[in-house]
Amino acid sequence: MLRVTGLQRERGLRGPLLFLLLFLALGGSIIGAVRIGSVPIPVSEVFGILKDQLFLGGRKLASGRWEMPHFQIIWNIRLPRVLFGIFCGAGLAACGAAMQALVRNPIADPYILGISSGASAGAAWALLMPFPFFPGQYQTAMAAFAGAMLSACTVYFMAKMAGGGRLQPVTLLLSGTAVNAVMSAVTSFLIFLAKSPESIAAVYNWQMGSLAAAQWNTLLLPSVGTTVGIAVFTLCGTRFNLLMMGDDDAAAMGLRVRGFRALMFLVCSVLVASLVSVTGVIGFVGLVAPHVVRLLSNTSDCRTVIPLSALLGGVYLVWADALARSVFGAAELPLGIITASIGAPFFLYLMIRRGGHNG
Amino acid sequence: MKLEYNGIRVRLSGREVLRGVSLTAESGQMTGIIGPNGCGKSTLVKTTFGICTPSAGNVLADSCDLSQYSPRERAALIGYVGQDTGCAFDFSVSDVVGMALHARRDRSLSAREVVGQALAELQIAHLRDRSILSLSGGERKLVFIARAVAQGADALILDEPTNHLDIRHQLFLLDYLKGSGKTVLIVLHDLRLAAHYCDQLILLSDGMVAAKGKPLEVLSARLVRQVFGIRGEAYDAGGQVDFSLFR
């Protein structure tokens, strides 16, 4: 396959440099974020415990080198949470970048396309009127997944009908907005019907997002899903680029437009649903990360933007979560509040800056 | 490569936009499609790539039905430049032209060389590192034409490529296309340019072919009045065909 990215002196260097920097930042973030929390632990101890567990099979732990509570906090509580944050952030950011290319609109994001509000409604249903089978957290996750897939399919087919059999970017965005409104109404209605204050509180918590559900055994699905998703998106980078030039041009340049868009929309939906069903609603990652990457790398080339967005999204969410855990001491702030309060003003700033550039 | 359109019918939102259009673009020649607004010119060229699906009829490239080809195989045979050159994303000019490599068959040149050559042929090598968002409409048009050229296809289909171009670049582009030796199917609004440059003209009116043939025959005073509702005709100006309004 021929490579075109390296054609430019300036831009050609920027991509790999950013990649390296973000990779280092990711490594640093793991150590740094594991250290942060209500119990402060020195970096040397974090390093020691990680090295011992990864390379020495826990020999030093057995010899009593570290206090058991510290080991528990680092290895069993914070590390899975930080890794979970990386996978969620990376997956949401990569999906954001992919969806922006799919609907050819830089403001698209899994949330704007209605997928997360569907997950919200599903989770609210499970929390407020539980089904008799699969009780507990699994049911919430499965109902959220079902809700996300339901709204993704609704958005897809509504957009297709409105576009006269073709999936057009504008109708896709509009039907996303419509489904968003309907699903939010469903959630509100369920809360209105609900009797117990505890379950209403649970729905509110879920809607604000959190990584608190992270454990080693819940990490497998998001990690595999995100890795496969990012790999697929990156390998299809050239095709995403073609699609960004418009449907007609993409078709004339040799892309099977309808099939590709439908397939990628499905991959995005499954990936977002699998993440959101565990974490609850975490907004703005998919919107902000690709924008920042485009500004820093000076290109919209998806082969660069998608992997870089994933890295940046991972770093971003880990630190947002570290902030959520530490800002109010022992009481944890919902992650969705952090991402929204950082994301929204930042997004406005980017838009204003961009506007100035283009004007 | 010879392109043949046989009995093409297309319905868009309940209206029959093309009602059985047949035409042939001969190999190595420049065939112009002219006609009033809304007569189906753009729709016709879009059927080539399956962007508009005909309800009847087919498009043949050297006697092979194009609908049997994959989009990628089709793009290796025919390059296309549409009317719309809008782009919401920040790509450099070389990124945009480099997209042509997705379908290009001939791999004897490196990506850099293919892009450099296409830009040089369209005389826009100096734009190479510029962002597509920073270009004027005319510059963008030339970049998109360079991209179609970089696909390395034997045939080019261009929908009003002279839009946004100043007069010097209009003539430069048409001279370039004429000298390229490729089969060129071109939608034009400027009847003077069409008369001067095209080997053959297809006059569309209300979704049907009103006339086809040499520019002198197609742009007769009678047909021009009948289809466009204006006075004007093509004439022989010392071995070259020209078109004059109000004649």
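The values are calculated or read from the model by the stated rules, or taken from the named source; none is laboratory data. Keep in mind that what you see is a predicted model, and the values were worked out from it rather than measured. Cβ: placed from backbone, ideal geometry, glycine included. Neighbour counts: every protein chain shown.
Table: residues versus (1) more than 8 Å from chain A (Cβ to nearest Cβ); (2) buried (at least 20 other Cβ atoms within 10 Å of the Cβ); (3) modelled with pLDDT under 90.
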| residue | (1), (2), (3) |
| --- | --- |
| B:Ala56 | yes, no, no |
| B:Val59 | yes, yes, no |
| B:Asp62 | yes, no, no |
| B:Gln68 | yes, no, no |
| B:Ala75 | no, yes, no |
| B:Phe89 | no, yes, yes |
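Tell me which of these B:Asp84 doesn't satisfy, since it passes every other one: (1) at the interface with chain A (Cβ under 9 Å from one of its Cβ atoms); (2) assigned to a helix (DSSP H, G or I); (3) under 15 Å from B:Leu158 (Cβ atoms).
The one condition B:Asp84 does not meet is (2).
Exactly one of these conditions fails for A:Val186: (1) within 24 Å of the chain's Cα centre (by Cα); (2) surrounded by fewer than 20 Cβ atoms within 10 Å (Cβ to Cβ); (3) within 14 Å of chain B (Cβ to nearest Cβ). Give me its number.
(3)
Can you tell me how many residues within segment B:157-192 are part of a strand (DSSP E or B) and in contact with a helix residue (DSSP H, G or I) (Cβ under 6 Å, 6 or more places away or on another chain)?
Residues of segment B:157-192 part of a strand (DSSP E or B): B:157-159, B:183-187.
Then drop every residue that is not in contact with a helix residue (DSSP H, G or I) (Cβ under 6 Å, 6 or more places away or on another chain), which leaves B:157, B:159, B:184, B:187.
The number of residues fulfilling the criteria is 4.
Which one is nearest to the other protein chains (Cβ to nearest Cβ) among residues in segment B:91-106 that are surrounded by fewer than 24 Cβ atoms within 10 Å (Cβ to Cβ) and not in a helix (DSSP H, G or I)?
B:Phe91
Give the number of residues within segment B:150-186 that are aliphatic (A, V, I, L, M), within 14 Å of another protein chain (Cβ to nearest Cβ) and under 12 Å from the mean Cα position of the chain (by Cα).
Within segment B:150-186, residues that are aliphatic (A, V, I, L, M), within 14 Å of another protein chain (Cβ to nearest Cβ) and under 12 Å from the mean Cα position of the chain (by Cα) number 5.
State which residue pairs qualify: first residue touching a residue at least 24 places away in the same chain (Cβ under 8 Å) and buried (at least 21 other Cβ atoms within 10 Å of the Cβ) and inside segment B:33-45, second residue small (Gly, Ala, Ser) and assigned to a loop (DSSP other than H, G, I, E, B) in any location, beta carbons under 6 Å apart, and separation of 6 or more residues or different chains.
So the pair list comes out as B:Gly40/B:Gly207; B:Lys41/B:Gly35.
Tally time: how many residues in segment A:238-263 are away from every other protein chain (no Cβ under 11 Å) and touching a helix residue (DSSP H, G or I) at 6+ places or on another chain (Cβ under 6 Å)? Please lay out each step first, then the result.
The first filter runs over segment A:238-263 and keeps only residues away from every other protein chain (no Cβ under 11 Å), leaving A:261-263.
Now drop any that are not touching a helix residue (DSSP H, G or I) at 6+ places or on another chain (Cβ under 6 Å), which leaves A:261.
Residues flagged as away from every other protein chain (no Cβ under 11 Å) and touching a helix residue (DSSP H, G or I) at 6+ places or on another chain (Cβ under 6 Å) within segment A:238-263 amount to 1.
Could you list, in sequence order, all residues of segment A:12-71 that are surrounded by fewer than 18 Cβ atoms within 10 Å (Cβ to Cβ), among the hydroxyl-bearing types (Ser, Thr, Tyr) and under 29 Å from the mean Cα position of the chain (by Cα)?
The answer is A:Ser38, and nothing else.
Kindly provide the set of residues from segment A:95-142 that are of a type in the set (D, E, K, R) and surrounded by fewer than 24 Cβ atoms within 10 Å (Cβ to Cβ), ordered by number. Walk me through how you get there before you give the answer.
Taking segment A:95-142 first, the residues of a type in the set (D, E, K, R) are A:104, A:109.
The one that is of a type in the set (D, E, K, R) and surrounded by fewer than 24 Cβ atoms within 10 Å (Cβ to Cβ): A:Arg104.
Need the failing condition index for A:Gly237 against (1) touching a Lys or Arg at 6+ places or on another chain (Cβ under 7 Å); (2) more than 26 Å from B:Asp90 (Cβ to Cβ); (3) small (Gly, Ala, Ser), just the number.
Every listed condition holds for A:Gly237 apart from (2).
Filter segment B:107-123 for residues that are surrounded by fewer than 20 Cβ atoms within 10 Å (Cβ to Cβ) and of a type outside the set (Gly, Ala, Ser) and give the result. Step through it out loud before you land on a result.
First pass over segment B:107-123, keeping only residues surrounded by fewer than 20 Cβ atoms within 10 Å (Cβ to Cβ): B:107-110, B:112-113, B:116-117, B:120-121, B:123.
Residues satisfying the conditions are B:Arg107, B:Leu109, B:Arg112, B:Glu113, B:Gln117, B:Glu121, B:Gln123.
Does any residue of segment B:23-36 turn out to be assigned to a loop (DSSP other than H, G, I, E, B) and on the phi > 0 side of the Ramachandran plot?
Of all residues in segment B:23-36, those assigned to a loop (DSSP other than H, G, I, E, B) come to B:26-29, B:35-36.
Then keep just the ones that are on the phi > 0 side of the Ramachandran plot; that gives B:28, B:35.
Yes, segment B:23-36 has at least one match.
One line per residue, one yes/no per condition, for (1) modelled with pLDDT under 95; (2) within 14 Å of another protein chain (Cβ to nearest Cβ):
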| position | (1), (2) |
| --- | --- |
| A:Gly280 | yes, no |
| A:Pro290 | yes, yes |
| A:Thr299 | yes, yes |
| A:Arg303 | yes, yes |
| A:Leu311 | no, no |
| A:Val315 | no, no |
| A:Leu323 | yes, no |
| A:Val327 | yes, no |
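Just one of A:Ala194, A:Ala143, A:Ala148, A:Ala214 is at pLDDT below 90, away from chain B (no Cβ under 14 Å) and in contact with a Lys or Arg (Cβ under 8 Å, 6 or more places away or on another chain); which is it? Walk me through it before giving the result.
Details: A:Ala194 fails: in contact with a Lys or Arg (Cβ under 8 Å, 6 or more places away or on another chain); A:Ala143 fails: in contact with a Lys or Arg (Cβ under 8 Å, 6 or more places away or on another chain); A:Ala148 fails: in contact with a Lys or Arg (Cβ under 8 Å, 6 or more places away or on another chain).
A:Ala214 is the lone residue from the list that is at pLDDT below 90, away from chain B (no Cβ under 14 Å) and in contact with a Lys or Arg (Cβ under 8 Å, 6 or more places away or on another chain).
(1) more than 14 Å from chain B (Cβ to nearest Cβ); (2) under 14 Å from the mean Cα position of the chain (by Cα): which one isn't true of A:Ala108, the others all being true?
If we test A:Ala108 against (1) more than 14 Å from chain B (Cβ to nearest Cβ); (2) under 14 Å from the mean Cα position of the chain (by Cα), just (1) comes out false.
Looking only at residues that are touching a residue at least 24 places away in the same chain (Cβ under 8 Å) and within 14 Å of another protein chain (Cβ to nearest Cβ) in segment B:4-27, which one is surrounded by the most Cβ atoms within 10 Å (Cβ to Cβ)? Break it down into steps so the answer makes sense when it comes.
Pass one, segment B:4-27, residues touching a residue at least 24 places away in the same chain (Cβ under 8 Å): B:4-12, B:16-23, B:25-27.
Keeping just the survivors that are within 14 Å of another protein chain (Cβ to nearest Cβ) gives B:10-12, B:17.
Working: B:Val10: 22, B:Arg11: 15, B:Leu12: 12, B:Val17: 20.
The selected residue is B:Val10.
Select from segment B:138-149 the residues that are within 12 Å of another protein chain (Cβ to nearest Cβ) and of a type outside the set (Val, Ile, Thr) and write down the one among them that is farthest from the chain's Cα centre (by Cα).
B:Arg140
Answer yes or no as to whether B:Gln117 is in contact with a helix residue (DSSP H, G or I) (Cβ under 9 Å, 6 or more places away or on another chain), part of a loop (DSSP other than H, G, I, E, B) and either at pLDDT 90 or above or at the interface with chain A (Cβ under 8 Å from one of its Cβ atoms) (or both). Walk me through it before giving the result.
On the way: in contact with a helix residue (DSSP H, G or I) (Cβ under 9 Å, 6 or more places away or on another chain): yes; part of a loop (DSSP other than H, G, I, E, B): no; either at pLDDT 90 or above or at the interface with chain A (Cβ under 8 Å from one of its Cβ atoms) (or both): yes.
No, not satisfied.
Return yes or no: is A:Leu287 without any contact (Cβ under 8 Å) to a residue 60 or more places away in the chain and either crowded, with 23+ Cβ neighbours inside 10 Å or polar (S, T, N, Q) (or both)? Talk me through it step by step, then tell me what you get.
On the way: without any contact (Cβ under 8 Å) to a residue 60 or more places away in the chain: no; either crowded, with 23+ Cβ neighbours inside 10 Å or polar (S, T, N, Q) (or both): yes.
Taking the combined requirement at face value, the residue does not satisfy it.
B:Ala111 fails exactly one of the following numbered conditions: (1) out of contact with any Ser or Thr (no Cβ under 8 Å at 6 or more places or on another chain); (2) within 14 Å of another protein chain (Cβ to nearest Cβ); (3) modelled with pLDDT under 90; (4) under 22 Å from A:Asp248 (Cα atoms). What is the number of that condition?
(4)
Out of all the residues in segment B:39-54, which are more than 8 Å from every other protein chain (Cβ to nearest Cβ) and either on the phi > 0 side of the Ramachandran plot or of a type in the set (Phe, Trp, Tyr) (or both)?
Across segment B:39-54, the qualifying residue is only B:Gly40.
Test A:Ala262 against the stated conditions and say whether it is surrounded by fewer than 17 Cβ atoms within 10 Å (Cβ to Cβ), under 18 Å from A:Asp109 (Cα atoms) and out of contact with any Cys (no Cβ under 6 Å at 6 or more places or on another chain).
Working: surrounded by fewer than 17 Cβ atoms within 10 Å (Cβ to Cβ): yes; under 18 Å from A:Asp109 (Cα atoms): yes; out of contact with any Cys (no Cβ under 6 Å at 6 or more places or on another chain): yes.
The answer is yes for A:Ala262.
Could you list, in sequence order, the residues of segment B:133-151 that are surrounded by fewer than 22 Cβ atoms within 10 Å (Cβ to Cβ) and touching a residue at least 40 places away in the same chain (Cβ under 8 Å)?
First pass over segment B:133-151, keeping only residues surrounded by fewer than 22 Cβ atoms within 10 Å (Cβ to Cβ): B:133-140.
B:Leu133, B:Leu135, B:Gly137, B:Arg140, listed by residue number.
Need the failing condition index for A:Phe260 against (1) under 30 Å from B:Gln68 (Cα atoms); (2) outside any helix (DSSP H, G or I), just the number.
(2)
Need a quick list: helices (runs of 4 or more DSSP H) entirely within segment A:7-124 having at least 1 residues that are of a type in the set (S, T, N, Q). Reasoning before the result, please.
Numbers: elements: A:9-35, A:43-55, A:59-62, A:68-71, A:79-102.
Hits in segment A:7-124: A:9-35, A:43-55, A:79-102.
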